[in-house]
């Protein structure tokens with residue numbers, strides 16, 4: 001394993017408890033830290049070589065895209081890697097129309113699948 005330090009955040013206390021138990025069980029406590037914290041409250045500027053954001057955009061909300069992307073930009077060192085994984089959809093309908101259509105998202109009512117073009121236009 002690489003000697004990299006890892007830091008993760010989630011809003012789920014259950015995920016933090018599960019991850020911290022596994023981190024301790026695997027003896028990774030000196031290299032991995034998980035906290036229950038909003039991503040936008042992570043402190044620092046230019047402190048990370050890499051950021052991986054997996055499945056967060058669907059929960060951020062359109063109005064918070066600028067905060068999301070600006071936070072990532074603030075935290076990353078220049079010219080490094082940002083892995084952004086999100087479920088998007090074809091942009092046949094405006095995001096607001098899509099968000100109101102609860103039949104489309106009824107399996108997960110607090111989740112919104114944005115159009116790819118709305119996420120790209122929010123990148124600073």
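The values are calculated or read from the model by the stated rules, or taken from the named source; none is laboratory data. All values derive from a computational prediction rather than experimental measurement. Glycine also receives a Cβ, built like all others from the backbone with ideal geometry; neighbour counts cover every protein chain displayed.
Quick notes
- Taking every residue in the stretch 59-81 that is farther than 16 Å from residue 42 by Cα and pairing it with any residue that is at pLDDT 90 or above, at least 6 positions away or on another chain, the pairs with Cβ-Cβ distances below 8 Å are 78/46; 80/48; 80/49; 80/50; 81/49; 81/50; 81/51.
- Scan the stretch 40-85 for residues that are exposed (fewer than 15 other Cβ atoms within 10 Å of the Cβ), within 15 Å of residue 10 (Cα to Cα) and in contact with a helix residue (DSSP H, G or I) (Cβ under 6 Å, 6 or more places away or on another chain) and the total you get is 1.
- Criterion: more than 17 Å from the chain's Cα centre (by Cα), exposed (fewer than 11 other Cβ atoms within 10 Å of the Cβ) and modelled with pLDDT of 60 or more - qualifying residue of 92, 96: 92
- Scanning the stretch 17-39 for residues that are part of a helix (DSSP H, G or I) and surrounded by 14 or more Cβ atoms within 10 Å (Cβ to Cβ) yields 19, 20, 23, 39.
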